[in-house]
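Reviewing the structure listed below.
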Amino acid sequence: MSYRAAVLPEEYRVAGEDKLAGRILARKKELGERLLILTHHYQRVEIVRFGDEVGDSYGLAKIASRSPKAEYIVFCGVRFMAEAADILGRPGQKVFLPNATAGCPMADMAPSEKVYNAWDDIEERIGKGRTVPISYMNSSAELKAFTGMNGGLICTSSNADAAFKWSYERFEKLFFFPDQHLGRNTAKKFGIPKDEIALYDPRQPSGGIDDARLEKARVILWYGLCHVHAKFRPDHIDQWRAKDPSVRIVVHPECEEEVVDRADAVGSTAFIVNYVESAPAGSTIAIGTELNLIHRLALTHKDKNIYELSGDTCPMCSNMFRTTLADLCFTLENPDKGELVVVPNEIKRDAKTALERMLHIGK
Ligand code: 13P
Ligand code: SF4
């Protein structure tokens, strides 16, 4: 990984917010339709302001696949999202990640080699052709290619249900990575009992799953998780309910099962935004997701009482927070020096197959 864009020239580091904002606007005007700025919902408020589109990982991937006019796509998000845009974009389009160090620790919990080894182990023990890989969007481009090559598809938290349905119509078992919680929460919706869900931990021999359990499993989950969403606990919900029985609780499916079970609603980032938008004025809503999004929802819905569910765990994605106005301004003014995200062609082809299967099934 290059860290070039993280060490910005002095003039960008010392420029104030107003100056940077003015320069960003000027560059946007100059480039017009040649430029598309995509911003994920977890970005800082001041970054979201400059997005041509703001969305969740599914929505932004879809937009990236349908924006042929843009010459430059500047993806204010994390690396796997920019990679997906490069895979889905038209040839010749350039995708930039304004801060080269913005990664996803959950995606990093699934190093390609370890997942390939687990797959070989599973197929060796239960036989080929019975299992299909489903990769959560939060994964490397290599794993997306692996998924495409092995007949599987990508999903996000917006369409995990549809991905499970698609997969069970074709295969007996699912190998879901990297997020164990999204996988478990979705399996539960499909009525899969606990003893048919196995957790593959690559740090243990045979993933910590014996042959009988593997044979019985309908879902094999990778052990990854999001440390931001893992901060929410069932007792946070109990405390809210005791304090205010009228509270509505909405959480992201990357939260653990016991949290999801106690919430009033669960859904992707876009679902949460929509939940808040459609709630009546005066509602009190406690949200279990990333802090910057909650902060922005509170700012934009002053007629509602919006709270972060835990109250004290600071569920902020520091990787999403890395992208600053200075990074964005630098990238727009220096496209030759910005962090260009290029997925090699040999990976792109199969990764695109897996992503297109996802776009094809929709939500
Ligand atoms: P969405 O797919 O809901 O955008 O979430 C992405 C993510 O990284 C959640 O932690
Ligand atoms: Fe990754 Fe969690 Fe950050 Fe999402 S919130 S980008 S899953 S670390």
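A short reminder: the numbers here are calculations on the coordinates, not readings from a lab. Everything quoted here is computed from the prediction, not taken from an experiment. Here Cβ is always computed from backbone atoms with ideal geometry, including for glycine, and neighbour counts include all displayed protein chains.
Beta bridges from DSSP with both residues in the chain: antiparallel share about 5 percent, rounded to the nearest 5. Sorting 258-266, 337-345, 238-246 by average packing, meaning the other beta carbons within 10 Å per residue, from highest down gives 258-266, 337-345, 238-246. For the cross-link pairs LYS94/LYS352; LYS165/LYS231; LYS62/LYS189, the ones whose C-alpha atoms lie over 18 Å apart are LYS165/LYS231; LYS62/LYS189.
Beyond 19 Å, what percent of the Cα pairs of segment 167-232 remain? For segment 167-232, the share of Cα pairs beyond 19 Å comes to 30 percent. Per residue, the Cα convex hull of segment 224-363 amounts to 159 Å³. The Cβ shell under 13 Å around THR284 holds other residues with a net charge of 0, Lys and Arg each +1, Asp and Glu each -1. Net charge of the neighbourhood of ARG125, taken over other residues with C-beta under 15 Å away and scored Lys/Arg +1, Asp/Glu -1, is -3. Segment 242-264 and segment 47-69 have Cα centres spaced 29 Å apart. Each of GLY338, MET316, ASN150 was scored by the projection of its Cα onto the charge dipole of the chain, and the greatest displacement toward the positive side belongs to GLY338; charges sit on the C-beta of Lys, Arg, Asp and Glu. With Rh defined as the Kirkwood radius, the inverse of the mean 1/r over Cα pairs, the Rg/Rh of segment 1-131 is 1.09. Coordinate range of the alpha-carbon atoms in segment 281-363 per principal axis, descending: 51, 38, 25 Å.
Placing +1 on each Lys and Arg Cβ and -1 on each Asp and Glu Cβ, with no other charges, gives segment 97-255 a dipole about its Cα centre of roughly 520 debye. Rg and Dmax, both from the Cα atoms of segment 71-218 and both in Å, are 16.2, 53. All distinct Cα pairs of segment 72-150 go into the 1/r average, and the inverse of that average, the Kirkwood radius, is 14.0 Å. For the chain, the 222 nm mean residue ellipticity estimated from helices alone, with every DSSP H stretch of n ≥ 4 adding -39500 (n - 2.57) and the total spread over all residues, rounds to -12500 deg cm²/dmol.
Among the trypsin sites (Lys or Arg not before Pro) in segment 85-149, which ones are in a DSSP loop with at most 10 other Cβ atoms within 10 Å of the Cβ? Mind listing them? Sparse-neighbourhood loop trypsin sites (Lys or Arg not before Pro): LYS128. Close amide-amide hydrogen proximity is noted between ASP179 and TYR136, each under 5 Å apart and 5 or more residues distant or on a separate chain (H modeled in the peptide plane; Pro and chain starts excluded).
Add +1 for every Lys or Arg and -1 for every Asp or Glu among the other residues with Cβ under 15 Å from the Cβ of GLU17, and state the total. Around GLU17, the surrounding residues sum to +1. Counting Cα-Cα pairs of the chain in 10 Å increments starting at 0 gives whole-percent bin shares of 5, 24, 31, 25, 12, 2, 0.
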